[in-house]
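The values are calculated or read from the model by the stated rules, or taken from the named source; none is laboratory data. Just so it is clear, the model here is predicted, and its values are computed rather than measured. Cβ coordinates were reconstructed from backbone atoms using ideal geometry, including for glycine residues, and neighbour counts include every protein chain displayed.
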Amino acid sequence: MADKFKLPARYGDGEKSVWVEYIQLAAEYKPAVNLGQGFPDYHAPDHVLKALSNTALGENPLANQYTRGFGHPKLVQNLAKLYSPLISRNLDPQNEILVTAGAYEALYSAILGHVEVGDEVIVIEPFFDCYDFMIKCAGGVPRFIPLKQKKKSGTITSADWVLDEKELAGLFNSKTKMIIVNTPHNPLGKVFTMEELTFIANLCKKYNVLCLSDEVYEWMVYEPKKHIRMVTLPDMWERTITVGSAGKTFSVTGWKIGWAYANPKLMRNLQVIHQNCVYTCCTPIQEAISKALEYELARRDTPEYYMHSLARELQPKRDFLIKALTDNGFNPTIPEAGYFIVADWTKLANKIDLSKEKDQYKDYRFTKKFAKEVGVLAIPPAAFYSKEHKHLGENYARFCFIKKDENLALTEKLMRDWNEKKSKL
Ligand code: PMP
Ligand code: GLN
């Protein structure tokens, strides 16, 4: 008899999530440094944390009760103040912004709110892994296209990972509903250029396709690169949903508040999903983020403005880890943004015995063995590829560098000691 209680077929095989698995590994192996999941191991700015404690303990009891479903009034107003000048349009806080349970839920509401059964959604690989699941959840069909590393030796940056324009154009057709663009990109740190975005935007307009623009790393962009918001391209307001994250913006990933902004017609579709799945997000956290935004907006034109100082704070960490990885046999891609480094580990293959690791993909075997032997945990990038393309991620490992300097220094030492030990064998 068929199993009546099995996972519905539209969710695929119920593959393991790399996050569930690697957080469990971190708990089991207790690696000396965890450069796996992306989160800071140090405190967010003081004013952000105080905003939360003051809210919870403050005089207004309603700050701890349900708030407006589509977003706490003060928060949507401050988000409108933040983004309006950046997109040269006065965002309407009531109808054009939705506050969500992390950027995850913004993506979920955008995908579930638009994708019909059988619609195709174009996804650029490597991709943030939940896109695939959400598309299938909506009954859609993901169509994948990998970024290709056009340069293999010498200094490689995330700009060296490019889309094949012909291949991309070939994926668009009458069934295409949406393309998901993640800029700045996780895991590569690529900042899509004006030429690349224009090419994508022109295809969206030609085939009447939506662009879901995941911009959660918008503030961590390293000089001289500049983040370009897809919605600012000509006529893209009609067809772009932009996603942001308070967790990334203020270095508080555990707060799990995100948002989407778009024109009211598209936003209505997100609201329908949100009002029946989540309804409203945590009030004191929304209030705290709203106060934090107010604080930052008041110093928008100063060097202390966190949305600018964050990248300055992260750049030396990036440079330190790039050098440490290079000196220790990796071939890293220098990210132009974000807080991850993807590094090719294949030059280390003769130093590490992966034969006892059971995973199907080499990068899973490498990252697990590396965590056990070296004490440094990284993420296997095959998790960011479709089944057909997982081999494209196998030669790499992803390291997160939004960590205390002492932990980055420890990473360097552990890798150096391990390399020295191995060369003596
Ligand atoms: N998109 C990308 C590209 C991410 O890396 C993440 C990871 N946090 C998210 C969305 C989800 O963000 P949040 O934690 O706000 O749900
Ligand atoms: N975005 C973070 C990362 O890529 C966290 C992902 C998650 O926890 N699901 O590491």
- [ ] Kindly list, by first and then second residue, each pair from a residue in the range 17-37 that is modelled with pLDDT of 95 or more to a residue that is basic (Lys, Arg) and surrounded by 14 or more Cβ atoms within 10 Å (Cβ to Cβ), limited to pairs with Cβ atoms under 7 Å and residues at least 6 apart or on different chains.
- [x] 35/403
TODO: Test residue 339 against the criterion of being touching a strand residue (DSSP E or B) at 6+ places or on another chain (Cβ under 9 Å), within 30 Å of residue 84 (Cα to Cα) and buried (at least 16 other Cβ atoms within 10 Å of the Cβ), and give yes or no.
DONE: yes
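Looking for whichever is within 16 Å of ligand 1 (Cβ to nearest atom) and surrounded by fewer than 17 Cβ atoms within 10 Å (Cβ to Cβ) here; the options are 46, 3, 13, 41. Which one fits? Working first, answer last.
Details: 46 fails: within 16 Å of ligand 1 (Cβ to nearest atom); 3 fails: within 16 Å of ligand 1 (Cβ to nearest atom); 13 fails: within 16 Å of ligand 1 (Cβ to nearest atom).
Within the list 46, 3, 13, 41, the selection yields 41.
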Open item on the list: Looking at the range 277-306 only, could you name the residues that are part of a helix (DSSP H, G or I), of a type in the set (A, V, I, L, M) and surrounded by fewer than 17 Cβ atoms within 10 Å (Cβ to Cβ)?
Closed with: 297
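What is the residue count in the range 105-123 for residues that are farther than 16 Å from residue 267 by Cα and either touching an Asp or Glu at 6+ places or on another chain (Cβ under 8 Å) or surrounded by fewer than 22 Cβ atoms within 10 Å (Cβ to Cβ) (or both)?
Taking the range 105-123 first, the residues farther than 16 Å from residue 267 by Cα are 116-123.
Subset that is either touching an Asp or Glu at 6+ places or on another chain (Cβ under 8 Å) or surrounded by fewer than 22 Cβ atoms within 10 Å (Cβ to Cβ) (or both): 116-120, 123.
Summing the residues that are farther than 16 Å from residue 267 by Cα and either touching an Asp or Glu at 6+ places or on another chain (Cβ under 8 Å) or surrounded by fewer than 22 Cβ atoms within 10 Å (Cβ to Cβ) (or both) in the range 105-123 gives 6.
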Task: Filtered residues of the range 159-194 (kept if assigned to a helix (DSSP H, G or I) and more than 22 Å from the chain's Cα centre (by Cα)) - done: 165, 166, 167, 169, 170, 171
Task: Entirely in the range 73-151, the helices (runs of 4 or more DSSP H) that have 3 or more residues that are farther than 30 Å from residue 296 by Cβ and away from ligand 1 (no atom under 12 Å from the Cβ) - done: 130-137
